[in-house]
Amino acid sequence: MTKKYTKDHEWVQVDGDVATVGVSDFAQSQLGDVVFVELPEAGRVLEQGKEAAVVESVKAASDVYAPVSGTVIEANQALVDDPSMVNSAAEGEGWFFKIQLKDASELDGLMDESAYKAFVEESH
Amino acid sequence: MTEAATALKTTPLHALHVELGARMVPFAGYDMPVQYPLGILKEHQHTREKAGLFDVSHMGQVRLTGADPAAALETLVPGDIKGLAQGRMRYTLFLNEQGGILDDLMVTNAGDHLFLVVNAACKEQDVAHLREKLAGKAEVELLDDLALMALQGPMAAEVMARFVPEAATMKFMSYLSASFKGVPVILTRSGYTGEDGYEISCDKADAEMIARALLAESEVEAIGLGARDSLRLEAGLCLYGHDIDTATTPVDGALEWTLPKRRRAEGGFPGYDIIHRQLTEGASRRRVGIQPEGRQPAREHTEIQDADGNRIGEITSGGFGPTAGAPVAMGYVDIAHSAVGTPLTLVVRGKPLPARVAATPFVPQRYYRG
């Protein structure tokens with residue numbers, strides 16, 4: 001399973017033609033305590049780079065963008081019930097949603113883990 | 001000019017904030033701690049449960065002297081300053097000729113002078129305003145050599161008494177000149193979190209020693225501006241420049257309690273005609289507490305609509321209340337929709353979010369009344 005990252009600090013992990021999406025551990029550390037998430041409903045069609053979800057910390061609201069295009073097949077209900085999972089397990093149990101990939105080649109434009117680490121260090 | 005290119009001022013506790021691992025942000029021209037490694041949520045809860053130490057040295061501390069500084073100050077604010085007994089303090093407002101609020105401030109009768117604490121972002125303008133309007137009547141001194149801290153929370157009194165025993169019996173909104181580990185401090189039993197606590201004014205050079213002494217107590221954690229904001233919002237307290245400003249009067253802002261009987265009758269403060277008329281005939285809009293349904297916070301500038309989708313106002317402060325365990329907000333609505341319980345619609349990210357006008361504070365205040 002390949003895991004890729006966007007410049008907007010989302011991660012996407014692909015298993016077959018299903019991609020699981022969340023925000024990076026770096027992103028959650030910058031957001032601070034997360035108190036609310038709004039996730040896309042199953043069936044919604046997402047376009048790469050466009051708004052997909054909203055994450056609200058005590059201080060501010062931030063958009064989460066779709067790292068790849070596709071159709072939402074599941075949102076993480078556990079995260080809606082306990083938004084603090086974004087802080088405790090951003091790249092694990094705190095995933096946001098799963099989508100059916102539309103075009104796997106979109107993944108080629110994203111960063112792998114080492115490239116993302118370098119990107120974070122360089123820009124912050 | 002970018003923030004990075006702007007020379008930010010620092011408080012005497014700056015090095016300590018950095019040492020404690022604070023995340024620093026520009027605020028009112030200062031490089032200030034927004035949060036420490038504990039995080040805003042835990043810092044907020046810690047303050048409500050035990051005690052939190054805040055650096056508020058960026059705020060302006062001003063000394064007003066003269067033959068009758070209380071009479072002089074009453075020409076600029078609607079509060080009862082002449083009636084302030086020695087050692088007592090109160091909250092009041094600088095007003096403009098339209099009755100709009102130029103700043104909110106605390107005034108203490110310190111015997112031979114008045115001691116004012118004003119907002120960081122307004123302090124230069126406040127001092128200029130005082131100097132211009134009170135020329136010949138009072139001397140105005142910005143006390144740049146002082147630091148200011150706030151110790152807030154239900155255990156604040158117990159902690160403070162270990163250093164200043166006489167602090168334990170101070171009444172809410174009173175003042176004490178004391179000694180803290182051998183250095184002079186001015187304590188006021190006040191704050192802006194809705195909790196019991198103190199503000200501690202001291203010489204810049206003594207600030208770090210005092211902060212370290214308080215932080216060494218097991219009940220005390222360093223708390224940043226992030227939690228300060230959520231604490232004051234839950235307490236229903238206004239943030240200048242957001243909930244009140246030059247376009248809001250004390251009546252619009254639901255701050256009638258700052259307008260005592262004598263001043264309402266006598267006037268003699270800026271904007272009196274407008275404020276007097278509003279008190280008699282009512283204002284067209286009012287600041288209210290707002291409780292969104294569900295868990296999604298509604299932030300500042302969120303549009304408020306009535307049941308028919310008409311715009312009736314805007315949120316001026318909003319976020320998640322960690323103690324309330326729910327989103328909380330304040331804003332202005334037209335007067336017909338200001339009664340507690342009135343249903344409202346908030347337009348959050350283009351979507352309607354149901355809400356109600358709520359009584360404030362969202363969390364009971366726990367001031368020490370003696």
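The values are calculated or read from the model by the stated rules, or taken from the named source; none is laboratory data. Just so it is clear, the structure is predicted and the values come from calculations on it, not from any experiment. Please note: Cβ atoms are built from the backbone with ideal geometry, for glycine as well, and neighbour counts cover all protein chains shown. Side chains included, ligands, DNA and RNA excluded: accessible areas come from the protein's heavy atoms. Shrake-Rupley method; radii C 1.70, N 1.55, O 1.52, S 1.80 Å.
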Filter pass, residue B:317 being in contact with a His (Cβ under 8 Å, 6 or more places away or on another chain) and among the polar types (S, T, N, Q): yes
Identity of the residue in segment A:57-67, part of a strand (DSSP E or B) and either open to solvent by 10 Å² or more (accessible area, probe 1.4 Å) or farther than 30 Å from residue B:227 by Cα (or both), that ends up farthest from the other protein chains (Cβ to nearest Cβ): A:65
Residue B:292 vs. criteria out of contact with any Lys or Arg (no Cβ under 7 Å at 6 or more places or on another chain) and either within 14 Å of chain A (Cβ to nearest Cβ) or open to solvent by 40 Å² or more (accessible area, probe 1.4 Å) (or both): yes
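Okay, residues lined up against (1) free of Cβ contacts under 8 Å to residues at least 24 places away in the same chain; (2) within 14 Å of another protein chain (Cβ to nearest Cβ); (3) open to solvent by 30 Å² or more (accessible area, probe 1.4 Å); (4) touching a Pro at 6+ places or on another chain (Cβ under 6 Å):
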residue: A:36; (1), (2), (3), (4): no, yes, yes, yes
residue: A:46; (1), (2), (3), (4): no, no, no, no
residue: A:51; (1), (2), (3), (4): yes, yes, yes, no
residue: A:55; (1), (2), (3), (4): no, yes, no, no
residue: A:78; (1), (2), (3), (4): yes, no, yes, no
residue: A:86; (1), (2), (3), (4): no, yes, no, no
residue: A:99; (1), (2), (3), (4): no, no, no, no
residue: A:102; (1), (2), (3), (4): no, no, yes, no
Residues within segment B:295-316 that are under 19 Å from residue B:248 (Cα atoms), buried (at least 22 other Cβ atoms within 10 Å of the Cβ) and either within 14 Å of chain A (Cβ to nearest Cβ) or of a type in the set (D, E, K, R) (or both), tallied: 2
Some residue of segment B:89-100 being open to solvent by 40 Å² or more (accessible area, probe 1.4 Å) and part of a helix (DSSP H, G or I): no
Within segment B:161-172, tally of residues that are in a helix (DSSP H, G or I) and touching a residue at least 40 places away in the same chain (Cβ under 8 Å): 3
Any hit, segment B:29-36, residues being among the acidic types (Asp, Glu), more than 20 Å from residue A:124 (Cα to Cα) and modelled with pLDDT of 95 or more: no
Among the residues listed as A:106, A:93, the single one being away from chain B (no Cβ under 13 Å), loosely packed, with under 15 Cβ neighbours inside 10 Å, among the charged types (D, E, K, R) and not in a strand (DSSP E or B): A:93
Residue that is away from every other protein chain (no Cβ under 13 Å), surrounded by 19 or more Cβ atoms within 10 Å (Cβ to Cβ) and closer than 20 Å to residue B:231 by Cα, where the choices are B:283, B:358: B:358
Test: residue B:207 is of a type in the set (Gly, Ala, Ser), in contact (Cβ under 8 Å) with a residue 40 or more places away in the chain and touching a strand residue (DSSP E or B) at 6+ places or on another chain (Cβ under 6 Å): yes
Only listed residue being more than 14 Å from chain B (Cβ to nearest Cβ) and exposed (fewer than 15 other Cβ atoms within 10 Å of the Cβ), chosen from A:70, A:22, A:16: A:16
Some residue of segment B:356-363 being in contact with an Asp or Glu (Cβ under 6 Å, 6 or more places away or on another chain) and at pLDDT 95 or above: yes
Test: residue B:232 is in contact with a Leu (Cβ under 7 Å, 6 or more places away or on another chain) and within 14 Å of chain A (Cβ to nearest Cβ): yes
Extreme residue, nearest to the chain's Cα centre (by Cα), among residues of segment B:29-63 that are more than 11 Å from chain A (Cβ to nearest Cβ) and open to solvent by 40 Å² or more (accessible area, probe 1.4 Å): B:63
